[in-house]
1. Shape call for segment 113-190 from the C-alpha gyration tensor, a ≥ b ≥ c root eigenvalues: rounded (a/c under 1.5), prolate (a/b greater than b/c) or oblate?
2. Could you tally the net charge around Pro3, taking each other residue with its Cβ under 14 Å from the Cβ of Pro3, Lys/Arg +1 and Asp/Glu -1?
3. What is the ratio of the Cα radius of gyration of segment 98-245 to 2.2 N^0.38 Å, where N is its residue count, to two decimals?
4. Let me make sure I get this right: for segment 1-69, a, b and c are the square roots of the gyration tensor eigenvalues over alpha carbons, sorted descending. Under 1.5 in a/c it's rounded, otherwise prolate if a/b > b/c, else oblate. Which is it?
5. Using Cα-Cα distances under 8 Å and only pairs 6 or more residues apart, what relative contact order does segment 307-394 have, in percent?
6. Which chymotrypsin sites (Phe, Trp or Tyr not before Pro) does segment 350-382 hold that lie in a coil by DSSP with at most 15 other beta carbons within 10 Å?
7. Among residues other than Glu142 whose Cβ falls under 9 Å from its Cβ, what is the net charge (Lys/Arg +1, Asp/Glu -1)?
8. How far is it, in nm, from the label point at Leu330 to the one at Ser31 when both lie 7 Å from their Cα along the line to the Cβ?
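Any read-out appearing in this document is the output of simple, stated calculations on the displayed coordinates, not a laboratory observation. Everything numeric here is computed off the predicted structure, so don't read it as measured data. Glycine gets a Cβ as well: all are built from the backbone with ideal geometry, and neighbour counts include every protein chain shown.
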Amino acid sequence: MPPTADESLHSVLVTLAMFALFGGGIALLVSRMHRSRPGFAIGPAALVAFGLRVIAAGLISLTSVSRTLRGGDEVIFQGKASLIVETPLGSSEWMNALLEELHVYTFALQRYMFDSPELAMRVTQVGIAVIGLVLLAAAVYELAGPRASVLAMWLLALEPASIFFSSLLHKEANMLLAIGLVALGGAKVWKRGEARYLVMVVVGCLIAVATRQYAGWFLIAAGAAILLHAGLRAEHRTAIRSLALVASVILFAAIAAPTVLNASTDENLERNVQRPQEHNAADNSNLKLEQVNFSTRGAIVQNLPKRSLDVLLRPFPWQLGNISQGLGLLGTAAAYAALFFLIRTLYRSWGSIMTRAGPLVYLGFFLLMAYSLSSGNAGTAFRYRVQIVSVFICIVVALWRPGERHASARSGEPAVPAEPPRLEPAQA
C-alpha cells in the first residue's frame, strides 16, 4: 500500500531535519576545532564527504537491487529496533541494546522519537561516520600538521567503499566514530603526554565494545599500547604526567588480564572462533575463505598472517560473481592503492615510523588483528576493510614528506625525516 500524502510529507520533513542537524553539526564541529588548530581547513572536504554519502544512499535506495547490495543484516537490525520501540523507554530491552547493540539502540531511538523513515536513519549513520572521519583527520593534524590533515580528509571523503558502507544500517558508522575518538585522543596523548586526553580514548573504546564487542577489546588494546608507549617516550619520560599514563595502562592490564586469558582458553577459542571458521568454510559461495586453525593461541599466532592477507586483498577482482560484488571493484582498487602506498611509505620512513605516526600504526595493527580473527568470508572482510583502509590512509599521509627525498637527492645527503611542526596546546 503506497504511503499517504501525510506520511510522505512526514518522511520528507524528518529526513531534511536529520540532514540539517548532522550537516550543521559537522560544520560546527569543524569550525570549533579550527579555532584551536590553525590551518585545520577541512570544512569543504567534510561537507563533501557528508553530501556524497547522503546522495549515494538516496540513489541506491531508488534501485531495484538496493536490498541485494546492502545485505540482509539491515532487516535483522531494523526488526530488533521495531521490537524495542514497542517496549517502554528505559526498559531492560532498551538498556540491553544500549550496552550490547548500540547501533540497534540508535535505530530504535530514531523510530521512537521521530518515527524516522529509512532514508532519515541512513542520513544519521552518514553523519556519525563523517564525524569519525573528521576526528581521524584531526589526529593526522596532531601528528603531521595542517596540510596533511586537509589531504587526509579529502582522501577519506572520496574513498569509494566508505561512501557506500557509511550509510548502511549496520555497525560500521559507530565503529568509525569509535576509531576516530581513539585516534584523536591517542594522538593528543602522544604529542602532549597529558592524561586528560585519555577520556576520548575511553569513550571511543566504550562505543566500540557496545557496538562490536570483540573489535572493542582490540581497540582497547590499541589504546593501551598508545598510552603506554606515549608515557615511555623520551620527551615525556621525566614528566610526572607520564607516570599517570603508565599507571593507567598497568591498572587496566591488571583488571582486564583475567577476562582476556579466559576468552583465549582453548575451549573458548574452539567455540567462539574456530567453529564459525568451520561453518564459513563449508559455505559454497564464491567469496568463502579457506578454513584456518584458530583453536589455540599458538595456532592463532601461526595462521593469523594468512588470514590478514585475505582481509587486505580479497575478494580478488576475478572472484566478483554478481552486480553487488562487481560494484565493489572500485573499493577493492582503492584498498590496493592504499596498501601499495602504505608499504612504500613505511619503507621510505623506516626508522621514524613510530615517532611520526605511532598512534595510527597501533590502531591499524590491532584493527587488522580483530577483523582477521572474525572475518568469515571475503564479503564480510570487504566491509570490515573500510575501517582499516581509513587508518592506512591516515598513516600514509602522516608519514608523507613530499620534498624531503628530492632535497636530499640534490644535496647528495641521506634523507632525514622532518620533525612535525610544534603546535600550541589545543583545547580538547
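1. On the way: a/c = 2.89, a/b = 1.90, b/c = 1.52.
Prolate is the answer for segment 113-190, as a/c is 1.5 or above and a/b outweighs b/c.
2. Values: positive: none; negative: Asp6, Glu7, Asp115, Glu118.
Surrounding charge for Pro3 is -4.
3. With N residues counted in segment 98-245, Rg over 2.2 N^0.38 Å equals 1.14.
4. Numbers: a/c = 5.28, a/b = 1.97, b/c = 2.68.
Note, shape of segment 1-69 comes out oblate.
5. On the way: 59 pairs, mean separation 43.4, N = 88.
Dividing the mean separation by the residue count of segment 307-394 yields 49 percent.
6. Details: sites: Trp350, Tyr362, Phe365, Phe366, Tyr371, Phe382; in loops: Trp350.
Passing both the DSSP loop test and the Cβ count: Trp350.
7. Values: positive: Arg37, Lys188, Lys191, Arg192; negative: none.
So the surrounding residues net to +4.
8. Those two pseudo-labels are separated by 3.1 nm.
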